[in-house]
Structure formats: structure tokens, C-alpha cells
Amino acid sequence: MNLPDTPLERVRRIRERAEELGRAADRATDPEHRQRLREKARRLLGEQLEGQEGN
């Protein structure tokens, strides 16, 4: 059963995903792939912060 997301739950999931991407970047051997993963994590966190400012 899918319940509507609360803002707090959404923030938690975004942070967890960004942390997963950061750990994957730490394990990546290809520098370009590592950089793309880190950029994606930063983008996720940046979007989260922008969403919080709008509230």
C-alpha cells in the first residue's frame, strides 16, 4: 500500500539516495564515473534544499 509522502519522509529518502551515490563514487575506479556520481548526489541535495526554501 502506497501512502502519500510526507515532506520529512521525502527528505530522508533523498538524503539516503545521495549518501548511496557518494559511497558508490568512493568505490568507483573510473575518475569520470566518480565525478558524475558526485555531481548527481550534489544535484539531489541541491534540489532538496531548494524545495525546503520554497516552503
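Computed from the coordinates by the stated procedures, all read-outs in this text should not be read as laboratory data. Predicted, not measured: the structure shown is a model, and the values here were computed from it. When we count neighbours, we look across all protein chains shown, and the Cβ atoms used for this are built from the backbone with ideal geometry, even at glycine.
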Taking Kirkwood radius over Cα pairs in Å as the quantity of interest, determine which of (1) 12.7; (2) 12.2; (3) 11.7 was computed from the displayed structure. (2)
With unit charges on the beta carbons (Lys and Arg positive, Asp and Glu negative) and the dipole taken about the Cα centre of the chain, which residue among P4, P31, G51 sits farthest to the positive side? P31
Crossing angle, helix 31-54 versus the chain [Cα axis fit, 0-90 degrees, rounded to tens]: 20 degrees
Taking θ as phi - 60°, what are the ³J(HN,Hα) couplings along segment 16-27 by the Karplus curve (6.51, -1.76, 1.60), each to the nearest whole Hz, with x for Gly and Pro? 4, 5, 5, 5, 4, 5, x, 5, 5, 5, 4, 7
Return the calculated 222 nm mean residue ellipticity for the chain, to the nearest 500 deg cm²/dmol, obtained by summing -39500 (n - 2.57) across DSSP H runs with n ≥ 4 and dividing by the residue count. -28500 deg cm²/dmol
If contacts are Cα pairs under 8 angstrom and at least 6 residues apart, what is the relative contact order of the chain in percent? 35 percent
